[in-house]
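> Please see the structure below; I have some questions.
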Amino acid sequence: MTEKACRNCNFITGGNTCPVCKGASLSEDWSGYIVVLDPENSEIAKRLRITQPGKYALRVR
């Protein structure tokens, strides 16, 4: 199974829709990722505007 990244919020998923923003615009062409466990206390999550825990792509094409 190929993981896909959401073009709207960069969340990485194995499904056909994004569980975070409910969007269906997904791409298999992404690079780099960050895993956010506690978005409320993470400075990186705040800078990237991540509000839900999970795996996020750094660049989605």
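The values are calculated or read from the model by the stated rules, or taken from the named source; none is laboratory data. What you are looking at is a predicted structure, and each value in this text was computed from that prediction instead of being measured. Backbone-built Cβ (ideal geometry, glycine too); neighbour counts: all protein chains shown.
> Using the structure shown, decide if residue 54 is out of contact with any Phe, Trp or Tyr (no Cβ under 8 Å at 6 or more places or on another chain) and either surrounded by 15 or more Cβ atoms within 10 Å (Cβ to Cβ) or modelled with pLDDT of 95 or more (or both). I'd like the intermediate steps shown before the answer.
Values: out of contact with any Phe, Trp or Tyr (no Cβ under 8 Å at 6 or more places or on another chain): no; either surrounded by 15 or more Cβ atoms within 10 Å (Cβ to Cβ) or modelled with pLDDT of 95 or more (or both): yes.
Against the criterion (out of contact with any Phe, Trp or Tyr (no Cβ under 8 Å at 6 or more places or on another chain) and either surrounded by 15 or more Cβ atoms within 10 Å (Cβ to Cβ) or modelled with pLDDT of 95 or more (or both)), residue 54 does not qualify.
> Can you confirm whether residue 5 is surrounded by 14 or more Cβ atoms within 10 Å (Cβ to Cβ) and over 10 Å from the mean Cα position of the chain (by Cα)? So that I can check it myself, show each step before the final result.
Numbers: surrounded by 14 or more Cβ atoms within 10 Å (Cβ to Cβ): yes; over 10 Å from the mean Cα position of the chain (by Cα): no.
Against the criterion (surrounded by 14 or more Cβ atoms within 10 Å (Cβ to Cβ) and over 10 Å from the mean Cα position of the chain (by Cα)), residue 5 does not qualify.
> Further question on the same structure: Which of the residues that make up segment 14-48 are in a loop (DSSP other than H, G, I, E, B) and of a type in the set (A, V, I, L, M, F, W, C)?
Kept after step one, since they are in a loop (DSSP other than H, G, I, E, B), are these residues of segment 14-48: 14-25, 28-29, 37-38, 42, 48.
Correct list: 18, 20, 21, 24, 37, 48.
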